[in-house]
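Asker: This is the structure, below, for whatever I ask next.
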Amino acid sequence: PAGCGLLTKLDLSGTNPIPTEIHSMVMADFEGAALAFTYVAASTLSIVQMDSNIPTEFSVSQNYPNPFNPVTSIDFNVIEMNKISLVVYDLSGKEIITLVSGTYMPGSYRVNWDAVNNIGESIASGMYVYRYISGDKAISRKMLYLK
């Protein structure tokens, strides 16, 4: 930003214990070289297209394994190009993480999730609900995380 002075490049490679995936960084005091930052820990969240054949029905599978620890997989079908979302909630309705959000081509997909929330923190053991939404259709399913 203008007027902040010289920006310092941070080298996060090698054996430095600071995670390399910096989510956001706020420079607090350049002259005193104080830095404040938040980060998202490395995650195994991944979305893979399993099949490009056009599915015939809107669906989302039960997560597998269930109960799970440390990672679970959820398969979902996109029957027409549309904006979709797959969101995990706790039982009070609080959003834990958005696993999928965006416009997808028709096909079958799998998302792998490692039980971290939107800011990279591990979630507590317990029951969770995931909701798959596409257009005016929605499906919800329960899953259990055991540490």
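Asker: If a residue must be in a strand (DSSP E or B) and free of Cβ contacts under 8 Å to residues at least 60 places away in the same chain, how many such residues does region 120-131 contain? Full working, then the answer.
Answerer: In the first step, residues of region 120-131 are kept if they are in a strand (DSSP E or B); the result is 122, 126-131.
Keeping just the survivors that are free of Cβ contacts under 8 Å to residues at least 60 places away in the same chain gives 122, 126-129, 131.
Qualifying residue count, region 120-131: 6.
Asker: One residue is enough: does region 53-60 have a residue meeting the conditions within 18 Å of the chain's Cα centre (by Cα), modelled with pLDDT of 95 or more and open to solvent by 60 Å² or more (accessible area, probe 1.4 Å)? Give the derivation first.
Answerer: So the first thing to find is which residues in region 53-60 are within 18 Å of the chain's Cα centre (by Cα), and the list is 60.
With the extra rule that they be modelled with pLDDT of 95 or more, the set shrinks to 60.
Applying the additional criterion that residues be open to solvent by 60 Å² or more (accessible area, probe 1.4 Å) yields none.
No, there is no match, as no residue in region 53-60 is within 18 Å of the chain's Cα centre (by Cα), modelled with pLDDT of 95 or more and open to solvent by 60 Å² or more (accessible area, probe 1.4 Å).
Asker: Considering each residue of region 132-147, count those that are outside any strand (DSSP E or B), in contact (Cβ under 8 Å) with a residue 40 or more places away in the chain and among the charged types (D, E, K, R), and give that number. Please lay out each step first, then the result.
Answerer: Residues of region 132-147 outside any strand (DSSP E or B): 135-136, 146-147.
Imposing the further condition that a residue be in contact (Cβ under 8 Å) with a residue 40 or more places away in the chain reduces the set to 135, 146-147.
Okay, now just the ones that are also among the charged types (D, E, K, R), so 147.
Of the residues in that region, 1 qualify.
Asker: Of these, MET105, MET127, which one is of a type in the set (A, V, I, L, M, F, W, C) and more than 18 Å from the chain's Cα centre (by Cα)? Before you say what the answer is, go through the steps one by one.
Answerer: Details: MET127 fails: more than 18 Å from the chain's Cα centre (by Cα).
Unique residue meeting the criteria: MET105.
Asker: Would you pick out the residues in region 76-97 that are of a type in the set (A, V, I, L, M) and loosely packed, with under 12 Cβ neighbours inside 10 Å? Walk me through it before giving the result.
Answerer: Initial filter on region 76-97 (of a type in the set (A, V, I, L, M)): 78-79, 81, 84, 86-88, 91, 96-97.
Those that are of a type in the set (A, V, I, L, M) and loosely packed, with under 12 Cβ neighbours inside 10 Å: MET81, LEU91.
Asker: Restricting the search to region 98-122, which residues are surrounded by 15 or more Cβ atoms within 10 Å (Cβ to Cβ) and on the phi > 0 side of the Ramachandran plot?
Answerer: GLY107, ALA115, GLY120 - these are the residues of region 98-122 that are surrounded by 15 or more Cβ atoms within 10 Å (Cβ to Cβ) and on the phi > 0 side of the Ramachandran plot.
The values are calculated or read from the model by the stated rules, or taken from the named source; none is laboratory data. Computed from a prediction, not measured in an experiment: that's the story for all the values here. Methodologically, a virtual Cβ is constructed for each residue, glycine included, from the backbone with ideal geometry; neighbour enumeration extends over all protein chains shown. We work out accessible area using only protein heavy atoms, side chains counted, and drop any ligands, DNA or RNA first. Shrake-Rupley method; radii C 1.70, N 1.55, O 1.52, S 1.80 Å.
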